[in-house]
Each structure stands twice: as structure tokens, then as C-alpha cells.
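Enquirer: Here it is, the structure, as C-alpha cells.
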Amino acid sequence: MPRFEKLAVGHLAAGLLLSGCLAGTQPATKQQFNPAERPGVQAGAQATGTLAMRGASESALIADLLKRQSVLPPDGPFTMVAEEVIKAGSGASVAELRVARLKEQARARNWLPRLGPSVNLTSLSGLATSLLLEQALFDNGRRKAERAYAAADVELAAISLSAELNERVFQGLSYYVRAEQARAQAAVAVRAVDRLAEFDLIITERLKGGLSDRSEQQVIRQRLSEMQATLAGDRETETSAHAELAALAGRPLEGVRGLDAVLTAAEGPAPLAVLRARAEGGQMVAQANIERSEMLPGLRASTSLAGGGLEPGLRLGGGMINNGLRASMDALRATGDVAGRRTARVAEDARRHIVMLDRQIALLRSREVEGAAVLQQTAQNLSLFTEQYKIGRRSLLELVNQYDTHARLDRDQAALRHEVALLQLQIARDRGQLVDGARM
């Protein structure tokens with residue numbers, strides 16, 4: 001036994017020396033990988049974000065986040081809006097990720113011996129103090145599980161960062177698209193109001209000449225009032241959307257105009273919700289392994305430095321055996337199966353949701369094609385009604401009704417492409433493709 005204790009003391013002393021050497025190394029948070037060497041990032045890409053800190057490539061999940069590319073065109077209005085709302089963000093998730101990184105770094109060295117004071121009560125009138133150096137020799141995988149838990153915590157923080165940035169960009173783009181939709185519909189309503197106002201002047205002159213009655217004038221003015229109310233609603237929607245976008249971006253963005261084509265493939269990267277479920281599953285398994293190690297016996301070597309010199313020793317610790325130990329161990333072993341099933345359920349829900357959005361996009365595009373044909377036919381009928389009115393075969397009221405129908409169809413048609421863009425942005429947000437992973 002004395003010989004073993006001498007070996008333990010030597011081992012602990014070497015561990016303490018090693019920990020002192022490691023303490024002088026450069027912190028991992030100040031180092032970055034070469035973007036050309038990281039999987040999934042093209043050579044020359046500037047990966048300056050928090051996810052690109054040292055240790056990212058050790059996680060397949062974070063590597064997946066890093067290689068995701070934004071589906072927004074690089075020089076379009078969508079990217080301009082995205083840049084502004086990202087710059088105005090609070091960065092709370094970035095701070096959380098950095099804290100998780102520091103915790104992971106602390107756990108990465110939990111295999112080193114621990115050094116601290118020890119105070120023992122020797123008698124009713126005195127205390128014995130010493131310096132205790134302790135090293136775990138056998139811990140049933142606890143330290144490894146602690147490192148895995150810290151790594152999963154970093155992954156969750158990275159996913160939260162990606163989800164926050166993508167959600168923020170989606171909110172900004174939603175306001176922008178709504179404003180553009182209201183502006184396009186208002187343009188149609190302005191033309192309709194001007195044309196209906198001309199019809200109102202015509203009916204007024206006809207009424208003065210006795211060629212029409214007041215019932216026709218009332219119908220035309222009702223159509224004019226309805227279109228004026230529609231125009232006022234469109235302008236209010238545009239103003240409100242721009243105000244909310246300005247609040248999110250920190251400054252007005254009214255000079256940005258137009259829509260971009262967002263390319264969302266049927267098959268794409270796993271949604272962020274699935275990655276979150278995987279990271280949470282890994283954290284559940286790590287926590288279960290920690291609890292399991294606490295139920296089993298472990299062995300620690302210790303050396304105390306007191307006034308009398310070094311006092312080496314061994315300590316056997318761990319949980320107490322009880323009648324529920326077997327059931328508890330079985331429950332902890334089943335944690336991996338529970339985590340896998342939960343991840344599979346989240347993946348299925350996410351897949352169904354994206355399929356539903358794809359179907360809605362297909363339906364809207366079909367309506368857009370059909371609506372374009374109907375609108376063209378209505379425009380032809382309007383031209384025919386106008387010619388017939390000029391030769392007296394159609395009344396002014398019939399012409400007004402036909403024009404009102406055409407204007408409302410034109411207004412509805414202008415909204416379809418904006419609704420498609422919103423659904424495409426929603427798919428890109430769920431997949432984490434509104435922000436380049438290398439920038440996060």
C-alpha cells in the first residue's frame with residue numbers, strides 16, 4: 001500500500017505541473033479556424049462570427065450551421081433589409097453562446113487534479129487546516145459526461161443564435177413584403193379611384209341634362225367610396241409596416257423597393273427545430289450519464305499538505321445501494337431511446353410543415369396563373385363594354401360595374417406574388433437559410 005500511495009503522489013504532482021503549464025496557453029476563444037479548412041465553407045469566405053470560434057469543427061451540428069448559405073440574392077432589397085435588422089440586433093444570443101463556450105472550456109479540463117483548502121475539526125477547541133490535492137482515478141464516466149453536457153450546451157446556444165438571427169431577418173422581411181404588397185395594391189386602387197371619379201363627373205353632367213337619374217349616381221358614388229376606403233386601408237397598411245420595419249432596423253428603410261426571387265428547394269438542410277431536438281437529446285443523455293455515475297462507486301486519490309508533511313490516501317465514494325437502484329438505472333438507460341424518439345417526432349412535424357408550405361406556394365402560383373388569364377379576359381370585356389358604351393349599347397352603370405370588377409381582380413392579383421414570397425421566406429427561416437452560417 002505505501003508503494004501505491006507514493007505512485008499516486010507522483011501522479012498527482014505531475015498532473016498539477018501539467019495544469020500549471022496549460023494555464024499559460026492562449027485562450028481558445030481568441031483563436032479561429034481558417035475558413036478554407038472548415039467543412040462546408042468555401043475558400044476565401046470570411047467567417048468572423050461567434051460560431052467560427054475554436055472548437056466549432058469538433059461538433060458536427062455546429063459545422064452544419066456554419067456551412068449553411070443564405071438563399072437571399074446578394075445585391076437585392078431583401079439582403080439590404082436583412083443587413084439593417086441584423087446590425088440593429090441586441091446580440092443576446094451571441095453573449096449566451098460565449099458564456100456556453102467558456103463553460104465548455106472549463107469542463108474540457110475537468111480531468112486535471114483539483115487543489116483546494118481542507119478544514120477538519122480535530123477537537124472541540126481547535127481546527128486542522130491543510131492543502132488538499134485530489135485526482136479522480138475511476139468515476140464511471142462522469143467527467144466525460146460533464147464534457148458532453150457542456151458541448152451540448154454550446155450546440156444549443158449556437159442553434160439559439162441561428163434561430164434568433166433568422167427569426168429577426170424574417171420579421172424584418174415580413175414587414176417589408178407587407179409594405180410592398182400594400183404599395184402595389186394601393187397603386188391599383190389609385191388608378192381605380194381616378195377612373196371612378198371620372199365616371200362620377202360624367203354621371204353628374206348627365207344628371208344635370210336629365211339623361212340619368214339619381215339612383216345611378218348613388219351606385220357610382222358608392223363604388224367610388226368603397227374604392228377610396230380600400231385605398232386608405234392600403235396606405236395605412238404600408239405606413240404601419242414601414243414604421244414597424246424602421247423600429248426593428250433602427251432607422252427608416254422607405255427608399256428600398258422591389259421583391260427578390262427566393263429559391264427554396266424541395267429538399268434542403270434539416271430545419272433548426274430538428275437540430276435543437278438533437279442537441280437537447282445529447283444533453284439529456286449526458287445528464288443521464290452523470291446521474292448514473294453518481295449511483296455507482298468511484299475511486300479518488302488524494303494528498304493533503306499539512307504541518308506534518310504529505311499525507312497521501314485513497315477515497316471510495318458514490319451512491320448508496322437501495323431497493324430502487326435497478327429501476328433507476330433502467331430509467332437512465334432508456335434516456336437515449338426517449339431522446340431519439342423525440343427527435344424523430346420533431347423531424348416528422350417539421351417535414352410535414354414544410355410540405356404544407358410547399359403546397360400553399362404551389363396553390364398560390366396556380367391561382368396566379370389562372371388569375372392572370374381571368375384578368376386578361378376581364379380587361380378585354382372592359383374594352384368591349386367601353387366601345388359599346390360609346391355607341392350607346394351599354395349604360396354607364398354597366399361600364400362602371402365592369403371596371404370595378406376589373407380593378408378588384410387586378411388588386412387581388414398584385415397580392416399573390418407577395419404571399420408566395422412570404423411563404424418562401426418562412427421555409428428559409430425554418431431551415432436557417434436567411435443568414436450565412438459563416439457570419440454567425
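The values are calculated or read from the model by the stated rules, or taken from the named source; none is laboratory data. Everything quoted here is computed from the prediction, not taken from an experiment. For neighbour counting, all protein chains shown are included, and Cβ atoms are generated from backbone atoms with ideal geometry for every residue, glycine included.
Enquirer: Would it be correct to say that Val346 is β-branched (Val, Ile, Thr) and closer than 30 Å to Ser225 by Cβ? Break it down stepwise before answering.
Expert: Working: β-branched (Val, Ile, Thr): yes; closer than 30 Å to Ser225 by Cβ: no.
So Val346 fails the test.
Enquirer: Could you go through segment 389-396 and let me know if any residue there is outside any helix (DSSP H, G or I), among the charged types (D, E, K, R), out of contact with any strand residue (DSSP E or B) (no Cβ under 7 Å at 6 or more places or on another chain) and surrounded by 13 or more Cβ atoms within 10 Å (Cβ to Cβ).
Expert: Scanning segment 389-396, I find at least one residue that is outside any helix (DSSP H, G or I), among the charged types (D, E, K, R), out of contact with any strand residue (DSSP E or B) (no Cβ under 7 Å at 6 or more places or on another chain) and surrounded by 13 or more Cβ atoms within 10 Å (Cβ to Cβ), so the answer is yes.
Enquirer: Scan (1) touching a helix residue (DSSP H, G or I) at 6+ places or on another chain (Cβ under 7 Å); (2) within 30 Å of Pro77 (Cβ to Cβ) for the single condition Ala232 breaks and write down its number.
Expert: (1)
Enquirer: Return the total of residues in segment 68-86 being under 16 Å from the mean Cα position of the chain (by Cα), charged (D, E, K, R) and not in a loop (DSSP other than H, G, I, E, B).
Expert: Start the filter on segment 68-86 by keeping residues that are under 16 Å from the mean Cα position of the chain (by Cα), which leaves 68-72, 82-83, 85-86.
Subset that is charged (D, E, K, R): 68, 83.
Keeping just the survivors that are not in a loop (DSSP other than H, G, I, E, B) gives 83.
Residues that pass the stated criteria total 1.
Enquirer: Taking into account only those residues within segment 173-216 that are charged (D, E, K, R) and within 16 Å of Leu245 (Cβ to Cβ), which is surrounded by the most Cβ atoms within 10 Å (Cβ to Cβ)?
Expert: Going through segment 173-216, the residues charged (D, E, K, R) turn out to be 178, 180, 183, 191, 194-195, 198, 200, 205-206, 208, 213-214, 216.
With the extra rule that they be within 16 Å of Leu245 (Cβ to Cβ), the set shrinks to 178, 180, 183.
Numbers: Arg178: 19, Glu180: 21, Arg183: 18.
That would be Glu180.
Enquirer: Considering every residue within segment 85-100, establish whether at least one is surrounded by fewer than 20 Cβ atoms within 10 Å (Cβ to Cβ) and at pLDDT 85 or above.
Expert: yes
Enquirer: Need the failing condition index for Met320 against (1) within 23 Å of Arg143 (Cα to Cα); (2) modelled with pLDDT of 75 or more, just the number.
Expert: Every listed condition holds for Met320 apart from (2).
Enquirer: Would a scan of segment 64-82 turn up a residue that is hydrophobic (A, V, I, L, M, F, W, C), surrounded by fewer than 19 Cβ atoms within 10 Å (Cβ to Cβ) and under 22 Å from Arg251 (Cβ atoms)?
Expert: Our first condition is that a residue be hydrophobic (A, V, I, L, M, F, W, C); within segment 64-82, this holds for 65-66, 71-72, 78, 80-82.
Still in the running and surrounded by fewer than 19 Cβ atoms within 10 Å (Cβ to Cβ): 80.
Right, trim to under 22 Å from Arg251 (Cβ atoms) and you get 80.
Yes - at least one qualifying residue is present in segment 64-82.
Enquirer: Something else now. Would you mind finding the one in Glu226, Glu180 that is charged (D, E, K, R), part of a helix (DSSP H, G or I) and in contact with a His (Cβ under 8 Å, 6 or more places away or on another chain)? Show your work before the answer.
Expert: Details: Glu226 fails: in contact with a His (Cβ under 8 Å, 6 or more places away or on another chain).
So the residue among Glu226, Glu180 that is charged (D, E, K, R), part of a helix (DSSP H, G or I) and in contact with a His (Cβ under 8 Å, 6 or more places away or on another chain) is Glu180.
Enquirer: Which of the residues spanning segment 254-269 are among the hydrophobic types (A, V, I, L, M, F, W, C) and either crowded, with 17+ Cβ neighbours inside 10 Å or touching a His at 6+ places or on another chain (Cβ under 8 Å) (or both)?
Expert: From segment 254-269, those among the hydrophobic types (A, V, I, L, M, F, W, C) are 256, 259, 261-263, 265-266; that's our starting set.
Residues satisfying the conditions are Val256, Leu259, Val262.
Enquirer: Turning to a different aspect of this structure: So which pairs qualify, if the first residue must be in segment 212-227 and under 20 Å from Asp412 (Cβ atoms), the second must be among the acidic types (Asp, Glu), the Cβ gap must be under 6 Å, and the two must be at least 6 apart or on different chains?
Expert: Once the first residue is under 20 Å from Asp412 (Cβ atoms) and sits in segment 212-227, its partners that are among the acidic types (Asp, Glu) give Arg223/Asp404; Leu224/Asp200.
Enquirer: Testing Ala339 on (1) under 30 Å from Ala265 (Cα atoms); (2) among the small types (Gly, Ala, Ser); (3) exposed (fewer than 14 other Cβ atoms within 10 Å of the Cβ), one condition comes back false. Which one is that?
Expert: (3)
Here's the yes/no breakdown for (1) touching an Asp or Glu at 6+ places or on another chain (Cβ under 7 Å); (2) of a type in the set (Lys, Arg):
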{"residue": "Val346", "(1), (2)": "no, no"}
{"residue": "Ile354", "(1), (2)": "yes, no"}
{"residue": "Arg359", "(1), (2)": "no, yes"}
{"residue": "Leu375", "(1), (2)": "yes, no"}
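Enquirer: Would you mind stating whether Val262 is farther than 26 Å from Leu66 by Cβ and of a type outside the set (Gly, Ala, Ser)? Give the steps one after another, and end with the answer.
Expert: On the way: farther than 26 Å from Leu66 by Cβ: no; of a type outside the set (Gly, Ala, Ser): yes.
Here the answer is no, as Val262 does not meet what is asked.
Enquirer: Turning to a different aspect of this structure: Can you say whether Arg206 is in a strand (DSSP E or B) and at pLDDT below 90, as far as the supplied structure shows?
Expert: no
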